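For reference, the structure is listed below as structure tokens.
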Amino acid sequence: MSVETLIDAVLEDGIATFSMPSLGKRLGVAHSGLYRYVRDREELLGLALKRISDHASWPSPELSWRDQILGIGDTLWTICQERPGYAVAAMSAGLVPPAYIAGSTARIESLRGRGLDAADAIAAVEVVATLVFSASIDTNRRIHRQQLHSSSGEVSAEVRGLELRSGRAHYLRQLNIYADGLAGTADRPVDA
């Protein structure tokens, strides 16, 4: 047993829905024994989020700030599609491990190196993540509703309206609106 084994079990069990008892059952041990390796579920969730982030393909720091934030969005979108529940887990995580924060810090510093001040770089990373996670959750909700309505052969006005307000295309529209607004401030001198 190791922390890595626990993270593997979290990813198999479901990053948004795992519990310590479900992991204990999956691993064939009493769940109380898992606390020898982590303080609590929140710490384990943070470590699982970090592992996923560490294995993601992030945009090059050589790209323009706009291409970097679009690339960050693409990376997060891919993660959300490959790891069901990631968006919910990331938005609800209480404890974020220092190494995960370090990854975000590297992206923020890269944006600063491309003309954004610190506050705008931090805001850009946070806005991109929020837009991606919200769109991913909405897309999953839309798919679920479509599946419920498909049995009757009817698609309700609510589902049609949700289709227009969700999904990757809508998220990209929102992100480009944000980036266009940010472009007006990006030419300011970078703060120290």
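Answer yes or no as to whether Ser134 is among the polar types (S, T, N, Q), in a helix (DSSP H, G or I) and modelled with pLDDT under 85.
no
From the residues in the stretch 44-71 that are acidic (Asp, Glu) and farther than 17 Å from Asp120 by Cα, which one is farthest from the chain's Cα centre (by Cα)?
Of everything passing the filter in the stretch 44-71, Glu62 is farthest from the chain's Cα centre (by Cα).
Can you tell me how many residues in the stretch 40-73 are over 17 Å from Ala106 (Cα atoms), surrounded by 14 or more Cβ atoms within 10 Å (Cβ to Cβ) and not small (Gly, Ala, Ser)?
6
Looking at the stretch 64-101 only, could you name the residues that are hydrophobic (A, V, I, L, M, F, W, C), farther than 22 Å from Val10 by Cα and modelled with pLDDT under 90?
Start the filter on the stretch 64-101 by keeping residues that are hydrophobic (A, V, I, L, M, F, W, C), which leaves 65, 69-70, 72, 76-77, 79-80, 87-91, 93, 95-96, 99, 101.
Subsequent filtering for residues that are farther than 22 Å from Val10 by Cα retains 65, 69-70, 72.
Trp65, Ile69, listed by residue number.
The values are calculated or read from the model by the stated rules, or taken from the named source; none is laboratory data. Quick caveat, the model's predicted, so the values are computed rather than measured. Note: ideal-geometry Cβ built from the backbone for every residue, glycine included; neighbour counts use all protein chains shown.
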